[in-house]
Amino acid sequence: MNGNGSAKIWGVLLGVLALGGAGFAGWTLYSVSRPTPASIEHQPTEVGVATMQTVEAVLASVQQLVKDENWAAAERVLSESVRTFSDDQDLRLAFGDFLMTRERWAEAYDQYAAAISAGAVPAQTYFAAGTLANMSQRPELAAEHYRQAMTADPSTPEYPLHLASMQMKLSDWSGAKASLALAGRLAPERAEVWGMYAQVALNENRLSIAQQQVEKARRLEPREPAWVLMEARVRKRAGEPGRALDLLGALPQAELDRLDTLELLAECYGMLGRPGDAASRYMDAAERDPGNASLAFETALWLHRLGETGEAVAWAERARGLGHRKAGAWLSAQAEE
């Protein structure tokens, strides 16, 4: 079941916290293990549940429809099939996988949830359901499914890592620390464990612990920008903006032009009484990305702090033209002054 199609879906699902690679449990559209009954003849435009006698035939037919990119027919067969065979886990998972290919995360989650309700499933299926719940903006449900995955398979570090990420999203810092401690015992070589631990400590303002943990992450992945940014945040919080700027200066230009990095740079420059450098950073990034409304608006704000009203208004007008939702109100406020 670890086919190329499943791997592509896995990559989409994991997103920023790309820790996976295990693949999905159960049936997928790309790797059908059930045999195709010889008596069933594929009919791409006429196929329907009424002509199929078994779930195996449904799965085989849908597989062919997907290969033919006949998406509407595949969805119709699956939708009708889960109404007819509502407790069949393979059908539910197949429908969920299909909906994932259409990037319909919430509907895909509902099918995975139905499969789980029908009976016990492997740990990877709980994990996939948790990730779909997270994609659907349901972190509480995601956390519950990651717990189920951990119970089914206590030896896989991805499960407590993902649970910790949900607990952090829910501001459950004690729970996140417990999950990360487990992940650290299972996979001490994983930099994500210590980077996430550093974020928890930073949120709790335990700066010495945050520094220790991010140093572990950087030893394991010295070239990973995320850990450089994390250490810079810790240094800034500790009142060391110059050290933070030194760290950020080693990042590639693409990372330096990211909004979150620029915000951190600007805060450090502000602490050092150098707002002009902050404005220059934003302006240079905006020139490199002329279609970015947020960069244009931030440039306007920093120029305004410097007293460069004319330039600030010009950049704000540029941001408004690019669709920035706050630029118009800001310009109106300036006109009234």
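The values are calculated or read from the model by the stated rules, or taken from the named source; none is laboratory data. Model, not experiment: these values are computed from the prediction. All Cβ positions, even for glycine, are placed from backbone atoms using ideal geometry, and neighbour counts span all protein chains on display. The area values use the complete protein model at the heavy-atom level, side chains included, leaving out ligands, DNA and RNA. Shrake-Rupley method; radii C 1.70, N 1.55, O 1.52, S 1.80 Å.
For the reader, a short list of remarks on this structure follows.
- Built from the Cα atoms of segment 97-150, the convex hull projects on average onto 3.2 nm², one quarter of its surface area.
- Each Cα pair of segment 244-318 feeds into the Kirkwood radius, which the Stokes-Einstein equation turns, at 10 °C and 1.306 mPa s, into a diffusion coefficient of 130 µm²/s.
- Peptides 65-77, 119-131 ranked from most to least packed, by the mean per-residue count of other Cβ atoms within 10 Å: 119-131, 65-77.
- Added length on full extension, which subtracts the Cα-Cα distance from 0.36 nm per residue, ASN203 to GLU255: 16.4 nm
- Approximating the spin labels as points 7 Å out from Cα along Cα→Cβ, the LEU306-to-SER280 distance works out to 0.8 nm.
- Cα centroid separation - segment 153-177 against segment 223-289, whole Å: 29
- Evaluated with a Cβ-only charge set (Lys, Arg +1; Asp, Glu -1), segment 60-171 carries a dipole of roughly 220 debye about its Cα centre, given to the nearest 20.
- Ellipsoid equivalent to segment 49-172 - semi-axes via the Cα gyration tensor, in Å: 30, 15, 11
- Sites ASP246 and LYS169 - FRET efficiency at Förster radius 30 Å, r taken between beta-carbons, to 0.05: 0.45
- Accessible-area composition of segment 222-337, carbon plus sulfur, in percent [1.4 Å probe]: 46
- Karplus-based coupling profile of segment 311-327, in residue order and whole Hz: 5, 4, 5, 4, 5, 5, 5, 4, 5, 4, x, 8, x, 5, 6, 9, 5, with θ = phi - 60° in 6.51 cos²θ - 1.76 cosθ + 1.60 and x standing for Gly or Pro.
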